[in-house]
Structure formats: structure tokens, C-alpha cells
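Quick notes on the structure that follows.
The values are calculated or read from the model by the stated rules, or taken from the named source; none is laboratory data. On a predicted model such as this, the values are computed, not experimentally measured, just so you know. As a convention, Cβ positions derive from the backbone with ideal geometry for all residues, glycine included, and neighbour counts pool all protein chains shown. Areas reflect the complete protein model, heavy atoms only, side chains present, ligands, DNA and RNA absent. Shrake-Rupley method; radii C 1.70, N 1.55, O 1.52, S 1.80 Å.
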Amino acid sequence: MNVLSVNVGQAQPLANAKSVGKTGIFKQAQAEPVWVGALGLADDAICDVENHGGADQAVYIYGAPDYAWWEEALRRPLAPGTFGENLTISDFVSAEYAVGDRLEIGDVVLEITAPRVPCVTLARR
């Protein structure tokens, strides 16, 4: 399992999203290392703090196999970060993991704390 992309996003307006009117879902792959801490990645916007972020949702991961499924279904390529994830990971099939599972990536240990719950912002994206 390897990190294919580290993605962060800036706050941007999104029509008909949440009441905050802005979102950080538009993640962009970073060319340089990004600091990660207990509350997430440096310079990554979390606009809807009621439903996203915090210690239990500090880093959102998504796998390349799930991307492949969506690309086939949509019949178009998707850039890393499309689903708002911070880390795009090879060989990570989300359905094969459960809350409490841990992933070791280099010196970082990530524990799965919750599944991604689809929201209006993801639907708009």
C-alpha cells in the first residue's frame, strides 16, 4: 500500500452546499510534503466543522481501486482529490476495512474511525 497523492483544499464557495456556503472538498494534489497532525493536514480547509474534521476525522483516505470503479462507471478519468480525500492510496479497497483497523504508512499510523457518509457537498462536487 502506497500513498499516490496527498491532497489539500482551500475554502471555496459552492452553490447549494451547506449553510456555511463554502467547502474545502476541492482538493489538489501537493508536490511537496505536507505536515499531518492530530487535527488534519496543514493548510487544508475544513469549512463544515460540525460534520467534518476534528480528531476523529482528521484525515480522509480513498483508494485507487475505488477510483477505478468510479472512472469506469462515469467513463472518464478522475483526478486525485475528487472525492475530497486527503490521501489517495494504492490497493486500498474501502469495503475491506472496518472501524478500528489501522494503516501504517511510513512513520504515520492512521486508525479508521468512521466511514465516509455521503453529503450534499459531495453530491454537488
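Data overview
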| read-out | value |
| --- | --- |
| Per-region count, the stretch 5-22, residues at pLDDT 90 or above and surrounded by 18 or more Cβ atoms within 10 Å (Cβ to Cβ) | 5 |
| Matching entry among Pro65, Pro77 (being of a type outside the set (A, V, I, L, M, F, W, C), open to solvent by 70 Å² or more (accessible area, probe 1.4 Å) and within 20 Å of Ala29 (Cβ to Cβ)) | Pro77 |
| Elements of type strands (runs of 3 or more DSSP E) in the stretch 35-125, at least 3 residues being in contact (Cβ under 8 Å) with a residue 12 or more places away in the chain | 61-63, 87-89 |
| Matching option when the condition is open to solvent by 60 Å² or more (accessible area, probe 1.4 Å) and either closer than 22 Å to Arg124 by Cα or in contact with a strand residue (DSSP E or B) (Cβ under 9 Å, 6 or more places away or on another chain) (or both), among Glu104, Glu85 | Glu104 |
| Residues satisfying the stated conditions in the stretch 102-125, i.e. among the hydrophobic types (A, V, I, L, M, F, W, C) and either touching a Ser or Thr at 6+ places or on another chain (Cβ under 6 Å) or within 21 Å of Gly37 (Cβ to Cβ) (or both) | Leu103, Ile105, Val108, Val109, Leu110, Ile112, Ala114 |
| Test: residue in the stretch 2-14 that is more than 13 Å from the chain's Cα centre (by Cα), within 22 Å of Ile112 (Cβ to Cβ) and not in a strand (DSSP E or B) | yes |
| Residue selected from the stretch 88-101 under the condition open to solvent by 60 Å² or more (accessible area, probe 1.4 Å) and of a type in the set (A, V, I, L, M, F, W, C), by the criterion nearest to Ala38 (Cα to Cα) | Val99 |
| Test: residue in the stretch 45-61 that is at pLDDT below 90, exposed (fewer than 11 other Cβ atoms within 10 Å of the Cβ) and over 20 Å from Gly9 (Cα atoms) | no |
